Amino acid sequence: MPRRAATPRASSDPRRTGVIDLVEVSKTFRTPGGEVHALDHVSLHVEPGEIFGIVGQSGAGKSTLIRTVNALEQPDSGTVTVAGATISELRGKELREARRRAGMIFQHFNLLSSRTALGNVELTLEIAGTGRGARRRRAQEILDLVGLADRADAYPAQLSGGQKQRVGIARALADNPRVLLSDEATSALDPETTRSVLDLIRRLSRELGLTVLLITHEMDVIKRICDSAALMEHGRIIENGAMEQLITTPGSRLAAALFELGELPPDRGHRIVDITFTKQTSSEPVIAKLARDQGIDVAILGAAIETIHGGTQTGRTRLEIPGSADEVERALTYLREQGLFVEVVR
Ligand SMILES: Nc1ncnc2c1ncn2[C@@H]1O[C@H](COP(=O)(O)OP(=O)(O)OP(=O)(O)O)[C@@H](O)[C@H]1O
Ligand SMILES: [Mg+2]
């Protein structure tokens, strides 16, 4: 099956307009210890309504990237366009207006402890200059949308982590932004609360046509809600694409992290391959048929099956194929003919 190479999207083509477009964005911090290239010619294209995840090690430049999207950080070079406005070129009032296109949520919620849930949500609208009555109505409406209508009068200290993040989401969305930015918004939450907050973000994205750019270190977050993902390292994007594409890209590090198959066993001279399958190409009958039709017995060394959001089942199975070079070749051909993506790992 033909596959596109890693970094398959034409993300640096400025003619393509998404909701978020970064073209060759660079940002260097000068510190007493020297220069830090936090962003090094980063190009990124996020489609309308897409949920896009960014992963990478600490210091990779993820937060700096997201901060260029809401103009908390100005790039040294390159352009950042959000919902049609090139925010990296705007100043003053125009910039403040453009900033309203993106709402942001944070790991530690950043709520004002002196204000109720409703008061926190209203804050966004106060800053936007919305009148008192409209402000209150909108804040109540959006609290209802995140399932917190009955806790409008509670203070942050009286709310659970999940509830606080729902307030954070309501606050971020109160002024009808086109984009929701999230910097590790579920990292302080337990797994179950994480799932419910992620499901809420996905629902809101669908209902409001919201585009989401999120940073996470949790692969489960990527699997659960992301349509596309990028891997950052040393200020660069080193992998980038739609999930279905990434998981079948040869040598993809994101795919390997998403489907952990463990260490390779000791070398016994046998060929080891990883096969990737989707719901259309389940692995088991194929492996059984390989033995029956081709007389080739393979050993299953590991399997990881994941349900990517939307219910698409995707998985990887690691097989050991004994036999002569001829037999191995025959097995590989057979697997590929069945529509499976086959990657030889040893
Ligand atoms: N205001 C700043 N001044 C100087 N250096 C900075 C500044 N902001 C970020 N950096 C540096 O830029 C690099 C990227 O930082 P950034 O916060 O974007 O990383 P990150 O990927 O978000 O990391 P983490 O996962 O730890 O949050 C780091 O080396 C960081 O120390
Ligand atoms: Mg960060």
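Odds and ends about this structure:
- All positions within the stretch 235-257 that are open to solvent by 10 Å² or more (accessible area, probe 1.4 Å), under 15 Å from the mean Cα position of the chain (by Cα) and farther than 23 Å from residue 40 by Cα: 244, 245, 257
- One residue stands out among those in the stretch 39-68 that are under 13 Å from the mean Cα position of the chain (by Cα) and near ligand 1 (Cβ under 7 Å from one of its atoms): the one that is farthest from residue 79 (Cα to Cα), which is 56.
- Filter result (open to solvent by less than 20 Å² (accessible area, probe 1.4 Å) and in contact with a helix residue (DSSP H, G or I) (Cβ under 9 Å, 6 or more places away or on another chain)) within the stretch 22-37: 22, 25
- Residues that are touching a residue at least 60 places away in the same chain (Cβ under 8 Å) and more than 20 Å from residue 131 (Cα to Cα), drawn from the stretch 146-185: 165, 168, 169, 178, 179, 180, 181, 182, 183, 184, 185
- Looking across the stretch 315-346, the residues that are in contact (Cβ under 8 Å) with a residue 12 or more places away in the chain, open to solvent by 30 Å² or more (accessible area, probe 1.4 Å), within 20 Å of residue 268 (Cβ to Cβ) and part of a helix (DSSP H, G or I) come down to 327, 330.
- Output for the stretch 38-84, where each listed residue is among the small types (Gly, Ala, Ser), more than 12 Å from ligand 2 (Cβ to nearest atom) and crowded, with 17+ Cβ neighbours inside 10 Å: 43, 53, 71, 78, 83
- Just so you know, in the stretch 175-190 the residues that are of a type in the set (Gly, Ala, Ser) and part of a loop (DSSP other than H, G, I, E, B) include one that is farthest from ligand 2 (Cβ to nearest atom), and it is 188.
- Flag for residue 224 being basic (Lys, Arg), touching a residue at least 60 places away in the same chain (Cβ under 8 Å) and touching a strand residue (DSSP E or B) at 6+ places or on another chain (Cβ under 7 Å): no
- Subset of the stretch 196-223 that is among the hydroxyl-bearing types (Ser, Thr, Tyr) and open to solvent by less than 30 Å² (accessible area, probe 1.4 Å) - its residue that is nearest to ligand 2 (Cβ to nearest atom): 216
- Annotation note: of 185, 154, 174, the sole residue that is of a type in the set (A, V, I, L, M) and out of contact with any strand residue (DSSP E or B) (no Cβ under 9 Å at 6 or more places or on another chain) is 154.
- Hey, residue 193 open to solvent by less than 60 Å² (accessible area, probe 1.4 Å), of a type in the set (Ser, Thr, Tyr) and in a loop (DSSP other than H, G, I, E, B) or not: no
The values are calculated or read from the model by the stated rules, or taken from the named source; none is laboratory data. Just so it is clear, the model here is predicted, and its values are computed rather than measured. Glycine gets a Cβ as well: all are built from the backbone with ideal geometry, and neighbour counts include every protein chain shown. To get the accessible areas, we keep the full protein, side chains included, count just its heavy atoms, and leave off ligands, DNA and RNA. Shrake-Rupley method; radii C 1.70, N 1.55, O 1.52, S 1.80 Å.
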